[in-house]
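K.L.:
Pasting in a structure now, in structure tokens, and then I'll have a few things to ask.
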Amino acid sequence: MTPPTLERGEDFWVGRFAAMGGPCEVLLDLDDRDEALALVACAQDEALRIEHKFSRYRADNIIDRINRAGGEPVEVDAETARLLDYAALCHEMSAGRFDITSGVLRRVWTFDGGARVPDEAALRDVLALVGWERVTWRTPVLTMPPGMEIDLGGIGKEYAVDSAAALLARRTSSALVVNFGGDLYATGPRRGGRPWAIGVDDPERTGQGVLDRVDLTRGGLATSGDARRFVTWQGRRLGHILDPRTGWPIEGAPRAVTVIASTCLEAGTLSTLASLQGPGAAEFLRDSGVEFRIH
Amino acid sequence: MSTRLRRSALLFVLAVLAVAGSGCATAKVQPWDRDLMARETMRFAPSKIESGTDDHIYFSKEGSVGGLGVGGGGCGCN
Amino acid sequence: MQLAAPERGLAARRRIAAAACALIAAAVPTAAHSQEATGSWTLDTSILLYGEQDRTEIFEPVARISRLFSNGHRLSGQFAYDAITGASPTGALPSGQLQTTTTPSGNTVTIAAGAVPTNEFQDQRFALDGEWEAPLARTLKSTLGAHYSSETDYMSLGGSASASYEIMDRLTTLTAGMGYNADKVSPIGGTRTGLSDGTVAVQGLDNPKNVTSGMLGVSHILSRRWLVGLSGTLQAEDGYLTDPYKVVSLVDSTTLEVSGQLTEKRPDKRQRASLLFSSVYHLNEDVFYFSLRGYSDDWNVRSGTLDLRLRHELANGKYLQPHVRYYSQSQADFYVPGLIAGQALPAYASADYRIGPLRTGTLGLTYGFHVKGMPGTVSLRAEYLRQWLATPGGEGEGEGGGGDDDRAAGGGEVRAGPVTTATIDPASIQSNMPPLNIGSFLIGYTVNF
């Protein structure tokens, strides 16, 4: 494990490391370098712990055991059970649009900007393996028909942000921001009551342009976006967010939707649910009463 | 038990019911507002050793007992 | 395939928000458990340096180690060692004449005129405590404790069990507990007969003292920042409750001088009750601790304690915590600063100022900080205590006891029995024990690993 790097900002520390498939950052509103390093290391430990436990790319964790169970029941631990409960709630509330079993659809879709779309038969075969309603989940035992898979990627990163932030908040009373690949949580205002200035990245020009700025004192922020991975088909641009009920991409989803909520997980869930509404994303978020930005 | 003690015990039971009952009357603390309560400083006795030491000092210098828990030990310091 | 409409609106959002927060609130302890390499062990150590002006000095190192297992169980062990030296007041009144006291170890100590007679002593105490917390269900937790301590003249063996149950969305916690201690008092120099001249002492006696206690408590999270709790304790003691080394002075009714002394004697039963209200309030960064305790027992000792602390957070994880405590106690029924020589003896008598009309004031300051490069927190606490006796005249309710108090018939009433030629009111005997100044310094170190 590569140790994190530590850099001094204006009056805060920035720790950086790689986890969960992307760059991770911890901003700490304090002065002691050793304390900052210890806290960043703690965040890194938690990010890696969650990544190793819930990644579908590892051969030895609970997700792998579940996905290779071949129809046999699997007993899961308390933490996994809680995440499955949460995923079940999202499935129910989105009337089936949010579905952690929809990962297998990636077998027939490649979002490389090209024009390839799956043929009907292939899609039908894969769709038979999609659907949380086919899964029997009664805590703590999960029974899934063979061939189906679960993927916690849609909530894992936001959960890791909240979990890491909560762990750090118990160790220090200084304000901090945990940012894993753009999903972040701020525990409180900086010294002097100043908020953290969060820039919403322009997905078309990553790293160069900022579309918007959010001043965050406390809470979670997550962005869902359809801009970077897509397929062009019949002159239309189809984003990579798939509707598990049809197997086809959601059309008309916003390029980037940023939600600010009381936790990162809530923000991420709402932004995903909004994107799943396609063109109705803005209205969905307006109805929910949450603060958001749509681009 | 003397009447005085019985009276005190009754008062205590009423107090417990009052506190428990008032909990229903006040606005419920939402799960997202439980952040501060998770801190180690948000407990009645954040340091077991320090409260144990204090209990021992005051037990041996004064005539009262009674803190947050049961158990603990006696000593010849009266 | 149904294409139903999803839930939306404020209610939907609240549901998601609540589920997300509950997930994190439940998850953080898990994250701590599963990090076997970091965080599951806690080491708490402290050294106490305690000194009373011209009296007792104590050096007490304590170490407590605790391990949190991945199944949620927590095992803790604590070891304490006490080295106590100094002088403890015998209860005898200071006098204008020189007075000689016999000490338990057989030595005699000559007291300077006017000084408070004390016993010199030296003792060592070892104490071992164990505790096991086990989660029985999501909202139910049990705790079992055991205690053993030993010093030259005292041995204590005890156990306790308690359970805590969370209700109302885990905002309210109910706690119930019971404890039992089987102690043995083996006075140095033998067990002397109570209210006697102390020459008769039974050797080798291990006097039992059994203590049964029960506790009920409730705590409630009132708001995001405010935690309150109420707890009540009942304790029944049975056995040897007398202080084996303390005496009561006999005052000559004509010369008004101390003419002798008797060993003290206390009842062999005591029932005690206390009620404690606690509050913890989180300000912007600081935390304010408040507690109020009322106490009463069937020896008629009643007391009130007020305790305030403010944990003030400084930069860099440092903190400063001032502390104020005030304690006020009314005397036991049989507390007498002295007895009139020649009058009939009461059933029980003690001149121990610690069951007298006592006041204690405490002022303290704690400074906590991290040491660079070392994990854990260091704390330095300096406290000043002052104890004094209130004038007996102001303690009207303390005299005489309640009519339903059947303990010690005539206890506390030195006038019991046929009155002889007493020309002075025994209640006019006052202890002129000067206020006692105490200083303590506590160094603490806590680390998680």
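The values are calculated or read from the model by the stated rules, or taken from the named source; none is laboratory data. Keep in mind that what you see is a predicted model, and the values were worked out from it rather than measured. Every residue, glycine as well, gets a Cβ built from its backbone with ideal geometry; the counts of neighbours run over all protein chains shown.
K.L.:
Residues of region C:301-311 being part of a strand (DSSP E or B) and either at pLDDT below 95 or crowded, with 20+ Cβ neighbours inside 10 Å (or both), which ones? Walk me through how you get there before you give the answer.
P.N.:
Taking region C:301-311 and keeping what is part of a strand (DSSP E or B), we get C:302-311.
The answer is C:ARG302, C:SER303, C:THR305, C:ARG311.
K.L.:
Mind listing whichever residues of region C:376-386 are more than 20 Å from B:GLU40 (Cα to Cα) and within 12 Å of chain B (Cβ to nearest Cβ)? Show your work before the answer.
P.N.:
Of region C:376-386, the ones more than 20 Å from B:GLU40 (Cα to Cα) are C:382-386.
Of everything in region C:376-386, those that are more than 20 Å from B:GLU40 (Cα to Cα) and within 12 Å of chain B (Cβ to nearest Cβ) turn out to be C:GLU383, C:LEU385, C:ARG386.
K.L.:
Are any of the residues in region C:338-349 crowded, with 23+ Cβ neighbours inside 10 Å, touching a Phe, Trp or Tyr at 6+ places or on another chain (Cβ under 6 Å) and in a strand (DSSP E or B)?
P.N.:
yes
K.L.:
Please verify whether C:THR103 is at pLDDT below 75 and polar (S, T, N, Q), treating the condition exactly as stated.
P.N.:
yes
K.L.:
Here's another thing I want to ask about it. Taking region A:1-33, which residues are buried (at least 16 other Cβ atoms within 10 Å of the Cβ) and free of Cβ contacts under 8 Å to residues at least 12 places away in the same chain?
P.N.:
Selection gives A:ASP32 alone.
K.L.:
Can you name the residue in region C:40-65 that is free of Cβ contacts under 8 Å to residues at least 60 places away in the same chain and among the hydroxyl-bearing types (Ser, Thr, Tyr) and is also surrounded by the most Cβ atoms within 10 Å (Cβ to Cβ) among such residues?
P.N.:
Filtering region C:40-65 for residues that are free of Cβ contacts under 8 Å to residues at least 60 places away in the same chain and among the hydroxyl-bearing types (Ser, Thr, Tyr), the one surrounded by the most Cβ atoms within 10 Å (Cβ to Cβ) comes out as C:THR56.
K.L.:
Shifting gears a bit: Please state which one of A:ALA69, A:ALA36, A:ALA88, A:ALA41 is within 14 Å of another protein chain (Cβ to nearest Cβ), farther than 30 Å from C:ASN448 by Cα and surrounded by 15 or more Cβ atoms within 10 Å (Cβ to Cβ).
P.N.:
On the way: A:ALA69 fails: within 14 Å of another protein chain (Cβ to nearest Cβ); A:ALA36 fails: farther than 30 Å from C:ASN448 by Cα; A:ALA41 fails: farther than 30 Å from C:ASN448 by Cα.
So the residue among A:ALA69, A:ALA36, A:ALA88, A:ALA41 that is within 14 Å of another protein chain (Cβ to nearest Cβ), farther than 30 Å from C:ASN448 by Cα and surrounded by 15 or more Cβ atoms within 10 Å (Cβ to Cβ) is A:ALA88.
K.L.:
Which strands (runs of 3 or more DSSP E) does region C:212-300 wholly contain that include 3 or more residues that are under 25 Å from C:TYR353 (Cα atoms) and more than 9 Å from every other protein chain (Cβ to nearest Cβ)?
P.N.:
Working: elements: C:226-239, C:247-251, C:258-263, C:269-282, C:287-297.
It comes to C:226-239, C:247-251, C:258-263.
K.L.:
Would you check if there is a residue in region A:250-259 being within 30 Å of A:ASP119 (Cα to Cα), among the charged types (D, E, K, R) and within 15 Å of the chain's Cα centre (by Cα)?
P.N.:
No - not one qualifying residue is present in region A:250-259.
K.L.:
Every residue in region C:354-375 that is more than 13 Å from chain B (Cβ to nearest Cβ) and buried (at least 16 other Cβ atoms within 10 Å of the Cβ), please. Reasoning before the result, please.
P.N.:
Start the filter on region C:354-375 by keeping residues that are more than 13 Å from chain B (Cβ to nearest Cβ), which leaves C:363, C:365, C:367, C:369-375.
Within region C:354-375, just C:HIS370 meets the criteria.
K.L.:
Next up: What are the residue pairs meeting all of these: first residue in region A:206-219, first residue under 28 Å from A:ALA166 (Cα atoms), second residue among the polar types (S, T, N, Q) and modelled with pLDDT of 65 or more, Cβ atoms under 8 Å, and 6 or more apart or on different chains?
P.N.:
Listed pairs, sorted by first residue: A:ASP212/A:THR258; A:VAL214/A:THR258; A:ARG218/A:THR187; A:GLY219/A:SER262; A:GLY219/A:THR263.
K.L.:
Would region A:256-267 turn up any residue that is modelled with pLDDT under 85 and in contact with an Asp or Glu (Cβ under 9 Å, 6 or more places away or on another chain)?
P.N.:
Looking through region A:256-267, at least one residue is modelled with pLDDT under 85 and in contact with an Asp or Glu (Cβ under 9 Å, 6 or more places away or on another chain).
K.L.:
List pairs: first in region A:175-190 and in a loop (DSSP other than H, G, I, E, B), second at pLDDT 90 or above and of a type in the set (S, T, N, Q), Cβ under 8 Å, 6+ apart or cross-chain?
P.N.:
Between residues of region A:175-190 that are in a loop (DSSP other than H, G, I, E, B) and residues that are at pLDDT 90 or above and of a type in the set (S, T, N, Q), the close pairs are A:ALA175/A:THR187.
K.L.:
Which count do you get for residues in region A:274-295 that are touching a Lys or Arg at 6+ places or on another chain (Cβ under 7 Å) and either crowded, with 23+ Cβ neighbours inside 10 Å or at the interface with chain C (Cβ under 10 Å from one of its Cβ atoms) (or both)?
P.N.:
First, the residues of region A:274-295 that are touching a Lys or Arg at 6+ places or on another chain (Cβ under 7 Å): A:276, A:284, A:287-290, A:295.
Right, trim to either crowded, with 23+ Cβ neighbours inside 10 Å or at the interface with chain C (Cβ under 10 Å from one of its Cβ atoms) (or both) and you get A:276, A:284, A:287-290.
So the count comes out to 6.
K.L.:
Moving on to the next point. Based on what the data block shows, is A:GLY154 modelled with pLDDT of 90 or more and either part of a strand (DSSP E or B) or away from chain C (no Cβ under 12 Å) (or both)? Spell out how you get there, then give the answer.
P.N.:
Details: modelled with pLDDT of 90 or more: no; either part of a strand (DSSP E or B) or away from chain C (no Cβ under 12 Å) (or both): yes.
Here the answer is no, as A:GLY154 does not meet what is asked.
K.L.:
Oh, and also: Go through (1) more than 25 Å from C:PHE334 (Cβ to Cβ); (2) out of contact with any strand residue (DSSP E or B) (no Cβ under 6 Å at 6 or more places or on another chain) one by one and return the number of the condition C:HIS220 breaks.
P.N.:
It fails just one condition, (2).
K.L.:
Okay, next question. Of all residues in region A:45-65, which are more than 17 Å from the chain's Cα centre (by Cα), part of a helix (DSSP H, G or I) and more than 10 Å from every other protein chain (Cβ to nearest Cβ)? Give the steps one after another, and end with the answer.
P.N.:
So the first thing to find is which residues in region A:45-65 are more than 17 Å from the chain's Cα centre (by Cα), and the list is A:45, A:58-62, A:64-65.
Remaining after also requiring part of a helix (DSSP H, G or I): A:45, A:62, A:64-65.
A:ILE62, A:ASP64, A:ARG65 - these are the residues of region A:45-65 that are more than 17 Å from the chain's Cα centre (by Cα), part of a helix (DSSP H, G or I) and more than 10 Å from every other protein chain (Cβ to nearest Cβ).
K.L.:
Next up: I'm trying to understand the selection: among the residues of region A:72-85, which are among the charged types (D, E, K, R), within 13 Å of chain C (Cβ to nearest Cβ) and in contact (Cβ under 8 Å) with a residue 60 or more places away in the chain? Spell out how you get there, then give the answer.
P.N.:
First, the residues of region A:72-85 that are among the charged types (D, E, K, R): A:72, A:75, A:77, A:79, A:82, A:85.
Now restrict to residues that are within 13 Å of chain C (Cβ to nearest Cβ): A:77, A:79, A:82, A:85.
Correct list: A:ASP77 only.
K.L.:
Here's something else I'd like to know. Determine which single condition C:VAL371 fails, assuming it passes every other condition in (1) of a type outside the set (Ser, Thr, Tyr); (2) in contact with a Gly (Cβ under 7 Å, 6 or more places away or on another chain); (3) farther than 22 Å from C:PRO435 by Cα.
P.N.:
(2)
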